[in-house]
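Take a look at the structure below.
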Amino acid sequence: MADVALQPDSVGAAQPVRKRSGLKKALKRKSTAAFLMTLPLIILIALLVLYPAFYSLHLATLNKSMQRFVGLGNFEFLFKRDTFWLVVKQSCIFAITAVLFKALIGFIVAHFVHNIPAKGQRKWRGMLLVPWVIPPAMSTLAWLWLFDPSYSAFNYTLSFFGIGPIPWTGDADWARFSVILVNVWYGAPFFMIMYLASLKSVPEQLYEAAAIDGANWWQRIWYVTLPMMRNIIAITTLFSLIVTFANFDIVRILTAGGPLDHTHIFATWAFRIGIEGSDIPLGASVSLFMVPILAVAAIFILRDVNKRGNES
Amino acid sequence: MSRKKLTRRQFVAATAMSSAALISAPYVRGANAAGKLSIGFWDHWVPGANKASTDLVNEWAAKEKVEVSIDYIPSQGNKNLLTIAAEAQAKSGHDIFAMPTWWAHSNADQLENVADIMGPIIAENGEVNGTVKYLGMSENKWLGVPACVGSQIKGPCSRIDLMKKHAGIDVQAMYPAGSEPKADDWTLETFLKAAEACHKAGVPFGIGLGETTDNVDTAGAIFLSFGAQLVDAKGNLTVKTDAVRQALDFYKKLIGFLPPDVAAWDDASNNKWLVSGRGAMIMNPPSAWAVAKRDAPQVAEQCWTHGFPKGPKGRFAPYLPYFWSIWNFSKNKEAAKSLLVALSKPAAIEKMVNASGGYDLPAYEKLTTLKVWQEEGPPKGTLFHYPNPYKHQTLSIAASPAPPKIAQQIYAQATLTKMCLRYHQGEAMEKTLAWAEGECEGFMRS
């Protein structure tokens, strides 16, 4: 006879109560609540960042047809390619120049905005943030039309002054200038807003004390403003360096790496090799080459920030 | 506490009854009894062209009782290439995918062999051209069925008036609508002279030297016209040959007669060049003409699509086919094959070609004289020679006949146009060749 017992088993009912009280205590802990609240983000990052990162590490160790493990063979191959070193050089030029100008322009504009009376400041802040809030793929398209080889609006305007036509995207140097210019235009507002926030937190008494000591405008900037902003400058620079190194859309839309590969940066060249050339392992290797460069930059900058944090 | 008991007798009776019911039940063929099929088609730029494909697929699905879903995936921003890469990695996705040019070969290991259906299709529609075999076959395996949708020839599209006025060439007489081309004198030499004349007249030919496909395709056809190959069919390096030197010398002269900004041109630049009325010729499928028809009708009615000029080793034109391929992870391969057979019927092909206004090209030799190419205009007959009806030019793809996996790299990296630019910008010929040889060596890694 087959017996089917439908009654739930009552044995061991006492244990979950004990467990439940343990769980209750754990849930009451602040750290548990914090962990649970960040859990969705952790899962999201694990899915969208960690998994692809490890997967690309795995891909970078495979041969072209992705059937054989080649260890560091792809990197060995890349190190022998002239184009790769051209891309490394260009990525450094692109990122460092763009970040420098973004920081400089952001710093200057932040001072201007800081000195505007509070009433009108909001309006200016909003307007100056516009380049940063427009999706870069869209704004770069507008720039592409301004730089268009045959119908450039810039060249049209310059022609009234007897200048040009300038090969904005057709000549290696001009093309590099163009992609950096667009990147600076897009990224400077971010620096501006960060520096503005930092400027607002500098205590007014310090400037008053400096003025009593007879400090001029430059001395006030050098001895008061800059030291007070150092951490923000360092963090912003690091963040921007990472984002600029990994840039894709601006170069892809404006020049697609040309002419003669002279504007390719890591991401665009990785795309060219991996997706357009169907050599995904080599493309993954190119994109991973950014990691050590950025890691070194991050270590130096963050170490400096920590040091200053401890000093203060 | 309640307790239900099932006796052995009750259990046996219940089992017997359910078995009897299952066996004696009439077979009901549901609306989607033959399963599901998902398709990733190329998103056509011609308004309404997708509808023709949708209608054909739905008609087949209703007949075969298959539930179908179609995604139209654009090639803008390489969205289709990204989807192919993602599906190949995930081993999951659509059952059928429209693979452009090199992508059937680069995913050959993951594609179903369709040789069994290609035999009857070719028997019905006629032989396919050599480029279709080069891109669509790996040994004896067919990697996909040649799709007419999206397949194109990027031949010259000339301005009838400007060519007559400045170069003294009557393109309509050379390629008359309705009859064989009379283009024996249409050689690279004549082409160069015409380029010079049009340049002097301020309406230069719009041929790009950038890194996108239109630029690379033209360079590829001209290189092949000189017999210039960077890597031969066996995979040997053949960069440092006289044929390559001749092709580079030709291009150096040609670049002198092109607009000064061609190094920065992309696939839209030549279209804009024609539509704006600034140039006498571009190398493009009739999409530029179609845009002109809408935006600049006075330009469109002076456009004539025709064949490439002949070089020392023949007359070559760039041909870029699409393939409808079946992933080997597809769960409904038989249905997929049945659909591809239905889409390859002459009537279906004609419907799709008509919907594209004659832009799409079937790969089969019996289907190059459809009515649409005779009637499209203005001017009437402007597309007559677009599908190469008299086979007077060899349809080719840049970087062929190198083994496709190497050729794809040469193509994607735009090695040909880069060579031309380097040499034009003053680099010594041997230095340019050495650079190209180094690049090709790198492309050979397995």
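Laboratory data are not the source of any read-out in this text; all were calculated from the coordinates shown. Keep in mind it's a predicted model, so treat the numbers as computed, not measured. Neighbour counts run over all protein chains shown; Cβ positions are idealised from the backbone, glycine included.
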Residue, surrounded by the most Cβ atoms within 10 Å (Cβ to Cβ), within region B:105-148, restricted to residues that are within 14 Å of another protein chain (Cβ to nearest Cβ) and hydroxyl-bearing (Ser, Thr, Tyr): B:Ser106
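Conditions (1) under 26 Å from B:Gly77 (Cβ atoms); (2) touching a His at 6+ places or on another chain (Cβ under 7 Å); (3) charged (D, E, K, R); (4) surrounded by fewer than 21 Cβ atoms within 10 Å (Cβ to Cβ), marked per residue:
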position: A:Ile242; (1), (2), (3), (4): yes, no, no, yes
position: A:Thr255; (1), (2), (3), (4): yes, no, no, no
position: A:Gly258; (1), (2), (3), (4): yes, no, no, no
position: A:His264; (1), (2), (3), (4): yes, no, no, no
position: A:Phe271; (1), (2), (3), (4): yes, no, no, no
position: A:Ile299; (1), (2), (3), (4): no, no, no, yes
position: A:Val305; (1), (2), (3), (4): no, no, no, yes
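Residue-by-condition table, conditions (1) at the interface with another protein chain (Cβ under 8 Å from one of its Cβ atoms); (2) farther than 25 Å from B:Pro309 by Cα; (3) buried (at least 17 other Cβ atoms within 10 Å of the Cβ):
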site: B:Tyr386; (1), (2), (3): no, no, yes
site: B:Pro389; (1), (2), (3): no, no, yes
site: B:His392; (1), (2), (3): no, no, yes
site: B:Ala399; (1), (2), (3): no, no, yes
site: B:Lys405; (1), (2), (3): yes, yes, yes
site: B:Leu416; (1), (2), (3): no, no, yes
site: B:Arg422; (1), (2), (3): yes, no, yes
site: B:Glu427; (1), (2), (3): no, yes, no
site: B:Gly438; (1), (2), (3): yes, yes, no
Against the condition within 12 Å of chain A (Cβ to nearest Cβ), hydroxyl-bearing (Ser, Thr, Tyr) and crowded, with 24+ Cβ neighbours inside 10 Å, how does B:Thr382 come out, does it pass? no
Single match in A:Thr268, A:Thr263 (criterion: of a type in the set (Ser, Thr, Tyr), within 23 Å of A:Phe177 (Cα to Cα), assigned to a helix (DSSP H, G or I) and more than 8 Å from every other protein chain (Cβ to nearest Cβ)): A:Thr268
Residue count for region A:44-101, restricted to those that are within 14 Å of chain B (Cβ to nearest Cβ), out of contact with any helix residue (DSSP H, G or I) (no Cβ under 6 Å at 6 or more places or on another chain) and β-branched (Val, Ile, Thr): 2
Can you name every residue in region B:209-226 that is within 11 Å of another protein chain (Cβ to nearest Cβ) and farther than 9 Å from B:Thr417 by Cα? B:Thr212, B:Thr213
Restricting attention to region B:240-272, report how many residues are over 24 Å from the mean Cα position of the chain (by Cα), part of a loop (DSSP other than H, G, I, E, B), hydrophobic (A, V, I, L, M, F, W, C) and within 14 Å of another protein chain (Cβ to nearest Cβ). 1
Please go through region B:273-297 and pick out each residue that is within 23 Å of the chain's Cα centre (by Cα), part of a loop (DSSP other than H, G, I, E, B) and within 15 Å of B:Val203 (Cβ to Cβ). none
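Tell me yes or no: at least one residue of region B:325-348 is without any contact (Cβ under 8 Å) to a residue 60 or more places away in the chain, more than 30 Å from B:Ala292 (Cβ to Cβ) and not β-branched (Val, Ile, Thr).
Quick first cut of region B:325-348, residues without any contact (Cβ under 8 Å) to a residue 60 or more places away in the chain only: B:334, B:347.
Then keep just the ones that are more than 30 Å from B:Ala292 (Cβ to Cβ); that gives B:334, B:347.
After this cut, where a residue has to be not β-branched (Val, Ile, Thr) as well, the list is B:334, B:347.
Within region B:325-348, one or more residues are without any contact (Cβ under 8 Å) to a residue 60 or more places away in the chain, more than 30 Å from B:Ala292 (Cβ to Cβ) and not β-branched (Val, Ile, Thr).
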Which members of region A:27-74 meet the condition of being at positive phi and in contact with a Pro (Cβ under 9 Å, 6 or more places away or on another chain)? A:Met66
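I need the full set of residues from region B:287-301 which are closer than 27 Å to B:Thr190 by Cα, surrounded by fewer than 23 Cβ atoms within 10 Å (Cβ to Cβ) and not aliphatic (A, V, I, L, M), in order please.
Within region B:287-301, B:Ser287, B:Gln298, B:Glu301 qualify.
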Where in region B:79-139 are there helices (runs of 4 or more DSSP H), lying wholly inside it, with at least 3 residues that are not hydrophobic (A, V, I, L, M, F, W, C)? B:79-90, B:115-125, B:130-136
Restricting the first residue to region A:153-170 and requiring it to be facing chain B (nearest Cβ under 8 Å), which pairs with a second residue that is surrounded by fewer than 16 Cβ atoms within 10 Å (Cβ to Cβ) and part of a loop (DSSP other than H, G, I, E, B) meet a Cβ separation below 9 Å and a spacing of at least six or different chains? A:Pro165/B:Pro260; A:Pro167/B:Pro260; A:Gly170/B:Pro260
Test for A:Tyr223: is it touching a residue at least 12 places away in the same chain (Cβ under 8 Å), in a helix (DSSP H, G or I), aromatic (Phe, Trp, Tyr) and out of contact with any Phe, Trp or Tyr (no Cβ under 6 Å at 6 or more places or on another chain): yes
Kindly list, by first and then second residue, each pair from a residue in region B:295-306 that is without any contact (Cβ under 8 Å) to a residue 24 or more places away in the chain to a residue that is among the polar types (S, T, N, Q) and surrounded by fewer than 22 Cβ atoms within 10 Å (Cβ to Cβ), limited to pairs with Cβ atoms under 8 Å and residues at least 6 apart or on different chains. B:Ala296/B:Ser276
Those residues that are assigned to a loop (DSSP other than H, G, I, E, B) and small (Gly, Ala, Ser), I need them from region B:379-404; list them, please. B:Gly381, B:Ala398, B:Ala399, B:Ser400, B:Ala402
Is it the case that some residue within region A:230-253 is away from every other protein chain (no Cβ under 14 Å), assigned to a loop (DSSP other than H, G, I, E, B) and in contact (Cβ under 8 Å) with a residue 40 or more places away in the chain? yes
Has region B:274-287 got any residue that is under 27 Å from B:Pro401 (Cα atoms), touching a Pro at 6+ places or on another chain (Cβ under 8 Å) and within 14 Å of another protein chain (Cβ to nearest Cβ)? yes
Failed condition for B:Gln152, given (1) in a strand (DSSP E or B); (2) buried (at least 23 other Cβ atoms within 10 Å of the Cβ); (3) away from chain A (no Cβ under 14 Å): (2)
How many residues of region B:353-378 are closer than 30 Å to B:Ser106 by Cα, of a type outside the set (D, E, K, R) and assigned to a loop (DSSP other than H, G, I, E, B)? The answer is 7
